[in-house]
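> Sharing a structure here in C-alpha cells format.
The values are calculated or read from the model by the stated rules, or taken from the named source; none is laboratory data. Every value quoted in this text rests on a predicted model; they were computed, and no experiment measured them. Using ideal geometry, Cβ is built from the backbone for each residue, glycine included, and neighbour counts are taken over all protein chains shown. With ligands, DNA and RNA removed, areas are computed over all heavy atoms of the protein, side chains included. Shrake-Rupley method; radii C 1.70, N 1.55, O 1.52, S 1.80 Å.
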Amino acid sequence: MLAEKLSVTHQLSEELSKISGKASFMPSSEIGKALQYLEEHGIPNNKQEEYKYCNTEAIIRKEFKSLNGKEIPASKDLKNRYYVGGAYNLYLVNGRFLEQQSEIPAKTMITSIEEVPGAELQKHLSAYAKSDGDAFAALNTAYADRGLFIKIEAGALIEKAIIVHHVYTTKDSFFFNARNLFVIEKNAQVRITEAFYPATGKNFLNNLTEVFTGEHAQVNHCQVQNAGNSFYGVDTLAVSQNRCSNYSHSVFTFSGALVRNNVAVALNEEFSECHLNGLTLSKNQQVVDHHTLVDHQKPNCQSNELYKGVADGRSMLTFNGQIFVEKDAQKTNAYQSSKNILLSDDATVNAKPELEIYANDVKCSHGTSTGKVDENALFYLKARGIGEESARKLLLHAFAHEVIGKVADHDTAAFVEILFENSLN
Amino acid sequence: MLSVKNLQAEINGKKILNGINLEVKAGEVHAIMGPNGSGKSTLSAVLAGREDYDVTGGEVLFNGKDLLELAPEDRAREGLFLAFQYPVEIPGVSNVNFLRTALNEIRTYRGQPAIEAKEFLALIKEKQQLVELDAKLTGRSVNEGFSGGEKKRNEIFQMAVLNPKLAILDETDSGLDIDALRIVANGVNKLKSKDNATIVITHYQRLLDYIVPDFVHILYKGKIVRSGGKELAFELEEKGYDEIKKKYDIAEV
Ligand SMILES: Nc1ncnc2c1ncn2[C@@H]1O[C@H](COP(=O)(O)OP(=O)(O)OP(=O)(O)O)[C@@H](O)[C@H]1O
Ligand SMILES: [Mg+2]
C-alpha cells in the first residue's frame with residue numbers, strides 16, 4: 001500500500017521539481033521536514049481516515065501523472081473582465097501576483113511572496129500550517145514557488161474590500177503549489193475576498209494560506225471557489241488568532257471536480273471570536289470535502305460554524321468539523337451546525353462533527369441535518385400558484401441565504417448570489 | 001363553479017374520503033362541519049392537489065375543467081385557493097417576495113404581464129389594511145415565528161392579494177381571538193362577490209355569525225351525511241354530533 005502511494009508521490013515530486021523546483025522563500029529546515037513527511041506518508045488515499053471521502057492519490061495517479069502543461073500568459077484586459085468598483089482589485093494569474101495591474105491600498109504591504117523580505121516572513125511562515133502534519137501542506141512547503149503576501153499595518157482600517165481575482169490560464173495538465181500569507185496586525189480591520197474563476201486546462205491547485213490576526217484585529221475573509229469542472233484543488237487555510245481578534249471566513253464552492261478544503265483556526269489567546277461559514281452546491285460527479293478544525297486553546301473565546309450544502313447529481317459532499325476545547329479553555333462557547341439538502345437520490349452527504357472537550361466550564365453544541373427539500377413548504381408554494389421549478393429555487397435560495405447573509409461585503413454577497421443562481425440552472 | 005362527484009381518496013391504503021358529493025355555485029358560501037378526523041382537511045388537500053393522497057374514484061370539475069388532472073400550481077392559477085389549517089413556515093423566503101412570485105406566475109398563466117412594482121406595493125398595502133396585518137409581518141419570512149393567529153391572518157391576506165375564484169378556508173377561525181375573528185371574517189366578506197365562492201371549514205357556529213353560509217354540510221367518516229341551511233349549524237352547536245354519529249353508525253352496520 002505505502003509503496004504504491006510512495007511511487008505516486010515520487011513521481012509527482014519528480015514532475016514538480018522539473019516545473020517548479022524548490023521554494024526559494026522557504027527555510028531549508030522546513031523543506032527538509034516536509035520532504036521527510038512525504039517520504040514517510042505519501043499522498044493520502046481513501047484508506048486514511050482524514051481523506052476517506054477524497055482519494056487524492058487516485059486523482060493524481062490518474063489525472064496528473066505527467067505535468068506536461070504550459071502556463072499561458074493572461075490577456076492584458078483582466079481589468080475589463082474582472083473588476084469590482086469601490087474595491088481594491090488585485091490580480092493573480094496562475095498564482096502569480098500582477099503588481100502593475102493591481103490596486104494596492106495605503107497602510108498595507110501587498111506583493112508576491114517571493115519578494116517579501118525575510119524578516120517579514122520569518123515570524124509567520126510555516127508557523128501556523130505545519131510542514132509535517134499533512135501531505136498537501138508538506139508538498140506546498142517543499143514546492144511552492146508563487147503566492148500572495150498581504151500585510152495590513154497595525155491600526156489600519158481598510159474601508160473598501162480587497163478583492164483578489166485568481167485567474168488560471170493553462171494548457172493541459174498543470175499542478176500549482178501556491179503559498180500565501182496574510183498578516184493582519186493589531187487593531188487593523190479588513191475585508192478580503194478571493195474569487196477563483198473558471199480555469200482553462202486541467203489544473204491541480206495546492207493552495208495554502210496562513211493568516212495571522214493580531215490583537216483586536218477584525219478580518220472578514222471570503223473564498224469563492226468556482227474554478228470549473230476540470231479543476232482539482234486542495235485549499236489549506238491555517239489561521240492563528242491573538243487576543244480579542246475577530247476572524248470570519250466564508251467559503252462558497254460552486255464548481256471543481258475535486259475540492260478539498262482544510263480550514264484550521266487556532267484561538268491562541270483570550271477573548272477572540274471566529275466564524276466559519278460554508279455554502280456548497282455540488283453536482284455531477286463532483287467531490288467536495290470540507291474539513292474544519294477550531295482549536296480553543298485559551299479561555300473566553302467563541303467559535304461559530306455554519307456549513308450548508310446542496311448536493312445534486314452523483315456528487316459527494318463531506319463536512320467534517322473538529323472542535324478541540326483544551327484544558328485551559330474555560331468559558332468557551334463553541335457552536336457548529338451543518339445542514340444539507342439532497343437533490344438527487346444518487347448524491348451523498350457525509351456530515352460528521354468531532355468534538356473533543358477537555359475543559360469543564362464550556363458551552364458547546366453541534367447539529368447536522370441532511371434531507372430533501374421540505375415537501376410541506378414546496379406544496380405550500382405550489383398551492384399559491386408557484387410552479388415546481390421556481391418553488392424549488394425559492395426554497396434553495398432561502399436555504400443558501402442564511403450563509404450568504406453572513407458575508408460582510410455587499411459586492412461579494414451579490415456576486416455569490418448570482419453564482420448560486422446560475423449554478424442552480 | 002365546483003362540482004364534486006363521488007370523490008374517494010385514501011392515504012397509505014387507508015380510505016378517508018368515501019364518496020363526497022358537493023356542488024358550489026358562484027356567489028355561494030358553503031360551510032363544512034364535522035367531528036375531528038372526519039376528513040375535512042383531507043377533502044381540502046385533495047382539492048388543492050396534495051400528492052400524498054391517492055384519489056381512487058370520482059371526479060371534480062372546476063369551472064368546467066377536470067381539476068384532478070391539474071398540477072397543484074395550475075389549480076391555484078385557475079383560481080383555487082386553500083387557506084391552510086396549519087400554514088407552513090418557510091424561513092428565508094420573505095412574504096413579499098413569495099407573494100410577488102405567486103402573483104406573477106398566476107398572471108403569466110393567464111397571459112397577463114408581470115405586475116408593476118408600484119402597483120404591487122399599493123396592492124399589498126391595501127390588502128394588509130383590509131385584514132389589519134402588521135406591516136412588519138409582510139417583510140418577514142413566510143410565517144416564520146408568527147403566532148397562531150398571525151398565521152391565519154396571513155392566509156387571508158394572501159387570499160386577498162391573489163383574489164381567487166374559490167377559496168377554501170380550513171379552520172381559519174381556530175386560534176383567533178374575538179377581534180381577529182371579526183377582522184378575518186370581515187376581510188372574507190369584503191372579498192365576496194357574485195363571481196366567487198367560499199367554502200369555510202369550521203367547528204364553531206360563532207364564525208358563521210360573521211360569514212353567513214348559504215349551505216351547511218356535515219362531514220362524517222369521509223361522507224357528507226347531512227346538508228342544510230345555516231340553521232343546521234345552530235342545531236349542531238346545541239346537540240353536538242352524537243345524534244348524527246349514532247344514526248350514521250347504525251346505518252353503517
Ligand atoms: N398521512 C396520513 N396517514 C394516515 N392517516 C392519515 C394521514 N393523514 C390523515 N390521516 C387520517 O385521515 C383522517 C382524516 O383527517 P383530516 O385531517 O382530514 O380530518 P379533519 O376532519 O380535518 O379533522 P380536524 O377537525 O381535526 O382538523 C384522520 O383519521 C387522520 O388520522
Ligand atoms: Mg382538519
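> Tell me, which residue of segment B:28-68 that is within 16 Å of ligand 2 (Cβ to nearest atom) and open to solvent by 20 Å² or more (accessible area, probe 1.4 Å) is nearest to B:L99 (Cα to Cα)?
Restricting to residues being within 16 Å of ligand 2 (Cβ to nearest atom) and open to solvent by 20 Å² or more (accessible area, probe 1.4 Å), the top hit is B:R50.
> Looking only at segment B:135-150, which residues are surrounded by fewer than 13 Cβ atoms within 10 Å (Cβ to Cβ) and free of Cβ contacts under 8 Å to residues at least 24 places away in the same chain?
Correct list: B:A135, B:K136, B:S147.
> Consider only pairs whose beta carbons are under 7 Å apart and that are at least six residues apart or on different chains; among these, list those whose first residue lies in segment B:41-59 and is among the acidic types (D, E) and whose second residue is open to solvent by less than 50 Å² (accessible area, probe 1.4 Å) and away from ligand 2 (no atom under 16 Å from the Cβ).
B:D54/B:E10; B:E59/B:L68
> Quick one: is A:A58 under 22 Å from the mean Cα position of the chain (by Cα), modelled with pLDDT under 95 and among the hydrophobic types (A, V, I, L, M, F, W, C)?
yes
> Going by the structure shown, is B:D74 of a type outside the set (S, T, N, Q), under 14 Å from A:G385 (Cα atoms) and either within 16 Å of ligand 2 (Cβ to nearest atom) or in contact (Cβ under 8 Å) with a residue 24 or more places away in the chain (or both)?
yes
> Considering segment B:78-112 alone, what residues qualify as being at the interface with chain A (Cβ under 8 Å from one of its Cβ atoms) and within 16 Å of ligand 1 (Cβ to nearest atom)?
Result: B:L82, B:F84, B:P87, B:V88.
> A follow-up question, please. Hey, any hits in segment B:69-77 for a residue that's more than 9 Å from ligand 1 (Cβ to nearest atom), in a helix (DSSP H, G or I) and open to solvent by 50 Å² or more (accessible area, probe 1.4 Å)?
Yes, the conditions are met somewhere in segment B:69-77.
> Only residues in segment B:195-217 that are within 16 Å of ligand 2 (Cβ to nearest atom) count as the first member; pair them with residues that are assigned to a loop (DSSP other than H, G, I, E, B), Cβ under 6 angstrom, at least 6 apart or cross-chain, and list the lot.
Close Cβ pairs satisfying both conditions: B:V200/B:I211; B:I201/B:E171; B:T202/B:D173; B:L207/B:D173.
> Now a separate question. Being at pLDDT below 90 and open to solvent by 40 Å² or more (accessible area, probe 1.4 Å) is true for just one of A:L67, A:L2. Which residue is that?
Of the residues listed, the single one that is at pLDDT below 90 and open to solvent by 40 Å² or more (accessible area, probe 1.4 Å) is A:L2.
> Quick check on A:K151: is it open to solvent by 20 Å² or more (accessible area, probe 1.4 Å) and out of contact with any helix residue (DSSP H, G or I) (no Cβ under 8 Å at 6 or more places or on another chain)?
Against the criterion (open to solvent by 20 Å² or more (accessible area, probe 1.4 Å) and out of contact with any helix residue (DSSP H, G or I) (no Cβ under 8 Å at 6 or more places or on another chain)), A:K151 does not qualify.
> Now for a different question. Please state which of the following conditions B:N36 fails to meet, knowing it meets all the rest: (1) farther than 28 Å from A:E389 by Cβ; (2) away from ligand 1 (no atom under 16 Å from the Cβ).
Unmet condition: (2).
> Using the structure shown, decide if A:P44 is within 23 Å of the chain's Cα centre (by Cα) and part of a loop (DSSP other than H, G, I, E, B). Even if it seems obvious, please write down each step before you answer.
Details: within 23 Å of the chain's Cα centre (by Cα): yes; part of a loop (DSSP other than H, G, I, E, B): yes.
The answer is yes for A:P44.
> Further question: For segment B:9-27, which positions are open to solvent by less than 40 Å² (accessible area, probe 1.4 Å), away from ligand 1 (no atom under 11 Å from the Cβ) and assigned to a strand (DSSP E or B)?
Answer for segment B:9-27, where residues must be open to solvent by less than 40 Å² (accessible area, probe 1.4 Å), away from ligand 1 (no atom under 11 Å from the Cβ) and assigned to a strand (DSSP E or B): B:G19, B:I20, B:L22, B:V24.
> Out of segment A:102-141, which residues are assigned to a loop (DSSP other than H, G, I, E, B) and open to solvent by less than 40 Å² (accessible area, probe 1.4 Å)?
Those that are assigned to a loop (DSSP other than H, G, I, E, B) and open to solvent by less than 40 Å² (accessible area, probe 1.4 Å): A:S102, A:P105, A:V116, A:H124, A:L125, A:S126, A:A129, A:S131, A:D134.
> Please indicate, with yes or no, whether at least one residue in segment B:106-125 is modelled with pLDDT of 95 or more, surrounded by 21 or more Cβ atoms within 10 Å (Cβ to Cβ) and away from ligand 2 (no atom under 16 Å from the Cβ).
yes
> Separate question: Quick one: B:L169 ticks every box in (1) under 12 Å from B:I156 (Cα atoms); (2) away from ligand 2 (no atom under 16 Å from the Cβ) bar one, so which box is it?
For B:L169, the exception is condition (2).
> Here's a follow-up. How many residues does segment A:176-190 hold that are assigned to a strand (DSSP E or B) and either of a type in the set (F, W, Y) or farther than 17 Å from A:N207 by Cβ (or both)?
6
> Oh, and also: For segment B:128-176, name all the residues that are in a helix (DSSP H, G or I), away from ligand 1 (no atom under 16 Å from the Cβ) and within 14 Å of chain A (Cβ to nearest Cβ).
B:N154, B:I156, B:F157, B:Q158, B:M159, B:A160, B:V161, B:L162
> Follow-up. Mind telling me which of the residues B:K15, B:K25 ends up being more than 13 Å from ligand 2 (Cβ to nearest atom) and over 17 Å from the mean Cα position of the chain (by Cα)?
B:K15
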